[in-house]
Amino acid sequence: MTESKREMWFEARGELSPDVGGRWRMEQGNLVAELAREEFPEGTFVGGPPSEAQLQPTQPLFEVRFSVGDMTIRVDVLRPAPSGGWVLTEVKSSTMTSRSSRKRARQDVAFQAYVLGRAGLPLQGAEVMHLNPEYVHPGDGGLFARTDLTGELDEQIQEAREKVSEHASVLRRDEPPNLWPSRACNTCDCPEPCHSLPEHSVLTLPRLYYGHLDEIIEEGRWTLKELQGHSHLKPKHENYIQAAQAGEPYVDTSEVRDALSELEYPLYFLDFEAIDYALPPFEGTSPWEKVPFQYSLHVVEEGQPLGREEVAHKEFLWTEEGDPRRPLAERLVQDIGPEGSIVVYNATFEKGILEDLQEAFPQWEDRFESYIHRLWDQGEIFQEGHYVHPSQKGSWSLKTVLPAFDPDLKYGDLGVQEGMEAVVQYSRMISPETSDSEAREIEEDLLAYCERDTWAMVVIHRELSDLVGREPTAPIS
C-alpha cells in the first residue's frame, strides 16, 4: 500500500510513473521473480484470476490475481500446504536487511492474507522469500532465504482491515486528497501540487528530525521568520535561515579553513560509478552489491593553477562484458599515488567501494587500506552547515551546491545527468543488443558525466580556498 493517500490516488489512475531508479529496481525484481519460480518446478503460471480447477491445492500457482470489492492483489506464489489448503509466498527482490524493508514485507503479506481470507481461500501459512544477503556467486544454492510469518501477522492483518475502507473511500474520490499541511508535501511526486510551497520554509530546513518537523507543522509555523529561534533548531538550521533571509551565503570561515587545513597534497578528486544487480553475475559478488565500472580522477598539485588545462585528469570506463572490477582496480592503483588526500563527496559511497575492492583483491590490500584512510569528504562542509547558500534550499547534494560556486557549470547539458541514469545507460552500453554507434555515444555520455562530478569538486575547492584565504589560485578557465 502506498503511504501517501494522494500518491495512491494518482497511482490507481496510472498517472504516477516510477523514476529511472524505480524502473531499474522493477526490472531487477522481475528477474528475481522469474528465478524464484524455478524453486517450485511443478508450478503453473496463472497471470490472472485462477480457475475453479486451479483452486484445488494440487500444484503451486504463480502470479494469481484475486479481487474482493475494491481490493485487488496479485500473489507471487500460492503453494499447497502439507495439511491441505494453501501457503502464501511473497517474493521480494531485496535482501531484507533493513528494518523498513522487513516492516513493509510484513504489511504486504498481511494485506494479501486478509484479502485471501475475504475471498474464502483456506490459507494455512505465509512466508517471505527474499534474496539471501550472505549468498556469494557462484554459490551452491542458497540464493534465496525464507522467513516464515505464519501466526505472526495478527496485528498487521487487523491494521489492514482497518485501512481498507479508508483507502477505498480515497480511491472513489473524484479529486485527489490534499496533503497540505504535512511533511509529505516535501517528497510528494504527484503530477499536480495541492499547494504552492514557498521557496524557503520549514520544509527546506536541512536534515530536520521528522518528529520535530511534525511538531513545528502542528504549531502552524511555516515561514523562516516564524521559525527563527525555535527550540528544535540546531546551528545548521539557523545558518540556513540567516543565509535565506540575507539572500547571500552563510560562511563559517573558521570551520571551513580548519577543514581545508586537513588536506595533504597532491589532491586526488575521485568519483566512482557503480552498478548493483539483484542477481549477482560476477564471481565473489552478492545480491545488490555495488560493482564499480567507472571512475574519474582530477589530480591537483600544490600551488598549481586550477584551470581545466592545468589540472591533470584521468579516467576509466569498462566498455566490455564481464566483471569490471579487476581492470578498474589495476588502473586505480596506477593513477593514485602513495601520498595525498583523496577528495570525495559523501565518503560513505567511495569508502564502501574501496572496502569491497580491498576484500576482492588481497594483493592490493595495503594500497586500498591507504586510500580509505586518506579519504576526505568535501560534502561534510555543506552537510554540517559551515557553508550555506540560499539556492541550495536545504540540500547539500553536489548538484545543488555546485551552482552556488559556478552557475554556468550545470548537468542539464549532459546526456547522462544522475547516478541511476548512469547505471541504466551502462547496462545498455555493454548489452550485445546495443549497436556499436549507440554504445560509443553512451560511452561518451558516461565519461562526461563522471568527469563533471570530479571537476565540480575542484571548482568548489578552489572557490572555498579563495573565500577563506587559503592558497589563492588562478581563475578557473
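Within the option set GLN425, GLN417, being free of Cβ contacts under 8 Å to residues at least 24 places away in the same chain and surrounded by 15 or more Cβ atoms within 10 Å (Cβ to Cβ) holds for one residue only, GLN425. Which of the residues spanning the stretch 98-137 are under 26 Å from PRO280 (Cβ atoms) and more than 26 Å from the chain's Cα centre (by Cα)? Listed by number, the list holds a single entry, GLU127.
For the stretch 315-373, the set of residues classified as assigned to a strand (DSSP E or B) and in contact (Cβ under 8 Å) with a residue 60 or more places away in the chain consists of GLU315, LEU317, ILE342, VAL343, VAL344, listed by residue number. Taken over the stretch 195-225, the criterion of being part of a helix (DSSP H, G or I) and either touching a residue at least 24 places away in the same chain (Cβ under 8 Å) or under 15 Å from ALA184 (Cβ atoms) (or both) is satisfied by VAL202, LEU203, THR204, TYR210, GLY211, LEU213, ASP214, ILE216, ILE217, GLU218, LEU224.
Can you tell me which of VAL68, VAL75, VAL91, VAL46 is without any contact (Cβ under 8 Å) to a residue 24 or more places away in the chain and within 26 Å of LEU171 (Cβ to Cβ)? Testing whether each residue is without any contact (Cβ under 8 Å) to a residue 24 or more places away in the chain and within 26 Å of LEU171 (Cβ to Cβ) leaves just VAL46.
Note on the stretch 288-312: among residues that are open to solvent by 10 Å² or more (accessible area, probe 1.4 Å) and under 28 Å from the mean Cα position of the chain (by Cα), the one that is nearest to MET420 (Cα to Cα) is LYS290.
The residues of the stretch 97-130 that are polar (S, T, N, Q), more than 24 Å from SER51 (Cα to Cα) and out of contact with any His (no Cβ under 9 Å at 6 or more places or on another chain), listed by number, are THR97, SER98, SER100, GLN107. All of GLY22, GLY29 fail the test of being among the small types (Gly, Ala, Ser) and within 30 Å of PRO181 (Cβ to Cβ), apart from GLY22. Among the residues of the stretch 248-270, those identified as open to solvent by less than 60 Å² (accessible area, probe 1.4 Å) and assigned to a loop (DSSP other than H, G, I, E, B) are PRO249, ASP252, LEU263, TYR265, PRO266. Within the span defined as the stretch 444-451, one or more residues are among the acidic types (Asp, Glu), at pLDDT 95 or above, open to solvent by 20 Å² or more (accessible area, probe 1.4 Å) and over 27 Å from ILE381 (Cβ atoms). The listed residues are THR95, THR72, and the only one of them that is open to solvent by 20 Å² or more (accessible area, probe 1.4 Å), under 30 Å from PHE282 (Cβ atoms) and of a type outside the set (A, V, I, L, M) turns out to be THR95. Among the residues of the stretch 6-28, those that are without any contact (Cβ under 8 Å) to a residue 24 or more places away in the chain, closer than 28 Å to ILE275 by Cβ and small (Gly, Ala, Ser) comprise SER17, GLY22.
Considered as a group, the residues in the stretch 227-238 that are of a type outside the set (Lys, Arg) and open to solvent by 80 Å² or more (accessible area, probe 1.4 Å) include one that is modelled with the lowest pLDDT, and that residue is GLN228.
The requirement of being among the aliphatic types (A, V, I, L, M), farther than 30 Å from PRO280 by Cβ and assigned to a loop (DSSP other than H, G, I, E, B) is fulfilled nowhere in the stretch 397-406; no residue meets it.
When the test is whether a residue is more than 27 Å from VAL424 (Cβ to Cβ) and of a type in the set (D, E, K, R), GLU42 passes it. If the condition is being within 20 Å of the chain's Cα centre (by Cα), among the acidic types (Asp, Glu) and more than 15 Å from LEU270 (Cβ to Cβ), then the stretch 415-459 contributes GLU418, GLU421.
The values are calculated or read from the model by the stated rules, or taken from the named source; none is laboratory data. Predicted, not measured: the structure shown is a model, and the values here were computed from it. Note that each Cβ is placed from the backbone with ideal geometry, even for glycine, and that neighbours are counted across all protein chains shown. Just so you know, the surface numbers come from the protein's heavy atoms only, side chains and all, with ligands and any DNA or RNA stripped out. Shrake-Rupley method; radii C 1.70, N 1.55, O 1.52, S 1.80 Å.
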